[in-house]
Structure formats: structure tokens, C-alpha cells
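Asker: First the structure, which I've put down as C-alpha cells, then a few questions once you've had a look.
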Amino acid sequence: MKILHIDSSILGHYSVSRQLSAETVARHKAAHPDATVIYRDLATDPVPYLTGAHMAALQGKPVTDTALADDLAIGDGHINDLLAADIVVIGVPMYNFSLPAQLKSWIDRVVVAGKTFRYGASGPEGLLPQGKKAFLISTRGGIYTGDSPAAMLDHQEKYLAAVLAFIGLTDVTWIRAEGLALGQDAKDATIVQAQGEIARLQG
């Protein structure tokens, strides 16, 4: 059993997504004591942005530059993490209605034609092995679910769910703590609710 744990919040110890992602991993470790955890902190060890040279290499241009080769190896490492994991836990805070830039950069490195998806006769096909499970920890300052007027501004959860499905990861469980900016009582209540959901998780 391998667990891939990814954090993307820039808030360090003040981050609710980091707190809840750690508790989610701990819940799975309790259920699978022999599990190995691979931890990636995209805020303290960011994935470099894509470059034109990087894209040219992916299109088949020979790699003659050592720095570029190292850059490509970083992307391959993140793909290998994802391919090897049985369980994926990602802390996903909402920043300005979408994902943190650091998480988007990770996505750009793992959504790669020929490695995690391909175009077949019927269109795109995800290449991730079946049986993987993802647990996505979503944190937001406002309310974006149900009939909230802000629901149309949610480009965080919908986008990430679509990206993961595109590469073949469709067994997704969301743990959500929203309304974090609506006062201390609301913040405490939504965290407790999320912790209750984590306690009931089945790995």
C-alpha cells in the first residue's frame, strides 16, 4: 500500500487544508499500518512552471541541455509518484475561485500525453492503473455548494475532478471545509464536520 500525500497551501501551520490532509493520511495509515507515505509539499518545494523548451522536448526534440534534462526528470518523478500510489490525498485550498498556482503546475507535469493519458479511436483515455482512490481536501473561505449564489464561481473542485478523471482517476472522495472566512464559530463548525467525515473514511 502506497499513499501519495500532496499539500499546496501557502499558509503553513495556519492552513486548514494541511491540517485536514494530514488527518486524512493518518486515518489511512491507521487502517493500513504498513503503508508507505510519499509526501510532496508544493509550496516549500514547488514544481517549476512549464517552458517552451520543456514542451518541445515532449514533442520529440532532442534534449541536449543538462538543466532541461533535470527539469524533465522532476516531472517524471511526480508521474511515477502518481502511478505508484494506491491512495492519493491532496490538500486543495481555493484561491480566487480556483486552485493554487503550485497545484496547477503539478497538474501540468502529470497530465502528459503518452504517460497518463492518450488519444484513442474514441477520444482521450486515462492511463492510470485502475483501483486508485483519491481523497481531496477542499477548503474555501465562502460557501460554494448547494444553491449558493457563489456556486457558479467554483473553478476549484469541478476543475480538479475533471482533470483527475481525464487521466483515469475517477474514484474521488471530497472532504470539504467551507465558510472558513465567515467567523470563528463557522470556521470551527466546518472543521469539526470535516473531521467527522475523515473519521468515517474507508481506505
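Asker: Would you confirm, using the coordinates I've provided, whether Tyr159 is out of contact with any Cys (no Cβ under 7 Å at 6 or more places or on another chain) and either part of a loop (DSSP other than H, G, I, E, B) or modelled with pLDDT under 95 (or both)?
Answerer: So Tyr159 does not fit the description; no.
Asker: On to the next question. Against the definition (hydrophobic (A, V, I, L, M, F, W, C) and in contact with an Asp or Glu (Cβ under 9 Å, 6 or more places away or on another chain)), how does Ala194 come out, yes or no?
Answerer: When the stated conditions are applied, Ala194 passes them.
Asker: Please enumerate the residues belonging to segment 126-152 that are of a type in the set (A, V, I, L, M), in contact with a Ser or Thr (Cβ under 9 Å, 6 or more places away or on another chain) and farther than 30 Å from Ala84 by Cβ.
Answerer: Ala151
Asker: Pairs, please: C-beta under 8 Å, at least 6 apart or cross-chain, first residue surrounded by 14 or more Cβ atoms within 10 Å (Cβ to Cβ) and in segment 183-198, second of a type in the set (Ser, Thr, Tyr)?
Answerer: Within 8 Å, the pairs are Ile198/Thr24.
Asker: Consider segment 63-121. How many of its residues are at positive phi and under 14 Å from the mean Cα position of the chain (by Cα)?
Answerer: Adding up the residues that qualify gives 0.
Asker: Would you check if Asp147 is open to solvent by 70 Å² or more (accessible area, probe 1.4 Å), farther than 16 Å from Ser15 by Cβ and in a loop (DSSP other than H, G, I, E, B)?
Answerer: yes
Asker: If you don't mind, there's one more thing I want to ask. Considering segment 163-172 alone, what residues qualify as being open to solvent by 60 Å² or more (accessible area, probe 1.4 Å) and hydrophobic (A, V, I, L, M, F, W, C)?
Answerer: Passing the criteria: only Phe166.
Asker: With respect to the numbered conditions (1) outside any helix (DSSP H, G or I); (2) open to solvent by 20 Å² or more (accessible area, probe 1.4 Å); (3) under 21 Å from Leu103 (Cβ atoms), which one is the sole condition not fulfilled by Gly131?
Answerer: Unmet condition: (3).
Asker: Are any residues in segment 135-166 of a type in the set (A, V, I, L, M, F, W, C) and touching a helix residue (DSSP H, G or I) at 6+ places or on another chain (Cβ under 7 Å), and if so, which ones?
Answerer: Passing the criteria: Phe135, Leu136, Ile137, Ile143, Val163.
The values are calculated or read from the model by the stated rules, or taken from the named source; none is laboratory data. Just so you know, these numbers come straight off a predicted model, no measurement behind them. We place every Cβ from the backbone using ideal geometry, glycine too, and count neighbours over all the protein chains shown. Side chains are part of the model used for accessible areas, which takes the heavy atoms of the whole protein and leaves out ligands, DNA and RNA. Shrake-Rupley method; radii C 1.70, N 1.55, O 1.52, S 1.80 Å.
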